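The values are calculated or read from the model by the stated rules, or taken from the named source; none is laboratory data. Since this is a predicted model, take the numbers as computed values, not measurements. Every residue, glycine among them, receives a Cβ derived from its backbone with ideal geometry; neighbour counts consider all protein chains shown. The area values use the complete protein model at the heavy-atom level, side chains included, leaving out ligands, DNA and RNA. Shrake-Rupley method; radii C 1.70, N 1.55, O 1.52, S 1.80 Å.
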Amino acid sequence: MKQNNTYIAITGDVIHSRNTSESNFYILKEKLLEFNKKINPVVPFSIQAGDEIQGLLNFGNKPLSNIIWFLGKLHPMKIRWGIGMGSLNSSIQQSSSNMRGSAFEYSRKALIYAKKNKQLFAYSSSKNDIEQNNIILKLISGIIDDWNIMAYRRCLLYFNTKTIYKGAESEGVSTEAINKHMNRTKIRLVLDSINYLDETVLGKSTL
């Protein structure tokens with residue numbers, strides 16, 4: 001879904017890439033293929049400039065929800081993301097490396113902001129909501145920065161099923177144990193915040 005030719009450009013930067021093994025970069029490439037198949041981007045996400053990732057989504061394609069899914073698949077590798085909302089000045093191509101437009105400019109600006117403020121996500125656009133939304137993203141970043149693979153797994157399962165019973169059943173633990181863990185890791189708070197931004201800032205949900 002596009003809104004007045006608005007697109008979402010996302011640029012990712014692998015944190016501590018110099019310490020990332022070649023095998024982990026191979027896993028990253030594999031997971032990018034899976035990621036592209038899952039989200040059907042306008043321009044596929046690909047690795048550029050050695051340790052940078054970039055792709056283009058239609059407005060309303062739930063970028064934050066999709067990024068959380070991707071981070072869960074890559075854990076413990078960490079990636080910092082700049083999310084830009086804007087237009088294009090060039091035609092759609094197979095790679096974003098030669099594309100131009102405000103969407104990419106805002107994405108780059110957001111990534112610089114994320115690096116400066118040491119958070120995992122940042123957002124930029126021509127709107128007047130940048131500061132307040134980046135405060136939300138900073139809080140989300142602070143929470144999930146401490147997540148382990150179990151937290152991501154339970155986050156994604158709850159996101160898909162909207163219940164703790166499936167998680168308890170699949171892991172062979174009590175619902176009380178799942179609930180306590182979700183409260184401790186603030187999974188519901190993260191998902192509520194992401195859903196708010198995906199729907200009210202970055203487009204209406206298409207799922």
Of (1) at pLDDT 95 or above; (2) open to solvent by 30 Å² or more (accessible area, probe 1.4 Å); (3) out of contact with any helix residue (DSSP H, G or I) (no Cβ under 6 Å at 6 or more places or on another chain), Asn134 satisfies all except one. Which? (2)
In the range 182-207, residue surrounded by the fewest Cβ atoms within 10 Å (Cβ to Cβ) [restricted to those that are within 12 Å of Arg154 (Cα to Cα) and of a type in the set (D, E, K, R)]: Arg188
Could you say whether any residue in the range 162-181 is touching a Cys at 6+ places or on another chain (Cβ under 8 Å) and open to solvent by less than 70 Å² (accessible area, probe 1.4 Å)? no
Check on Ile112, free of Cβ contacts under 8 Å to residues at least 24 places away in the same chain, open to solvent by 90 Å² or more (accessible area, probe 1.4 Å), assigned to a helix (DSSP H, G or I) and out of contact with any Lys or Arg (no Cβ under 6 Å at 6 or more places or on another chain): no
Since Ala177 meets every condition but one in (1) touching a residue at least 12 places away in the same chain (Cβ under 8 Å); (2) aliphatic (A, V, I, L, M); (3) over 25 Å from Gly84 (Cβ atoms), which condition does it not meet? (1)
Test for Ile140: is it of a type in the set (Val, Ile, Thr), within 30 Å of Ala9 (Cβ to Cβ), in contact with a strand residue (DSSP E or B) (Cβ under 8 Å, 6 or more places away or on another chain) and outside any loop (DSSP other than H, G, I, E, B): yes
The lone exception for Lys118 - which of (1) under 21 Å from Leu71 (Cα atoms); (2) at pLDDT below 95; (3) assigned to a helix (DSSP H, G or I); (4) open to solvent by 70 Å² or more (accessible area, probe 1.4 Å) it fails: (3)
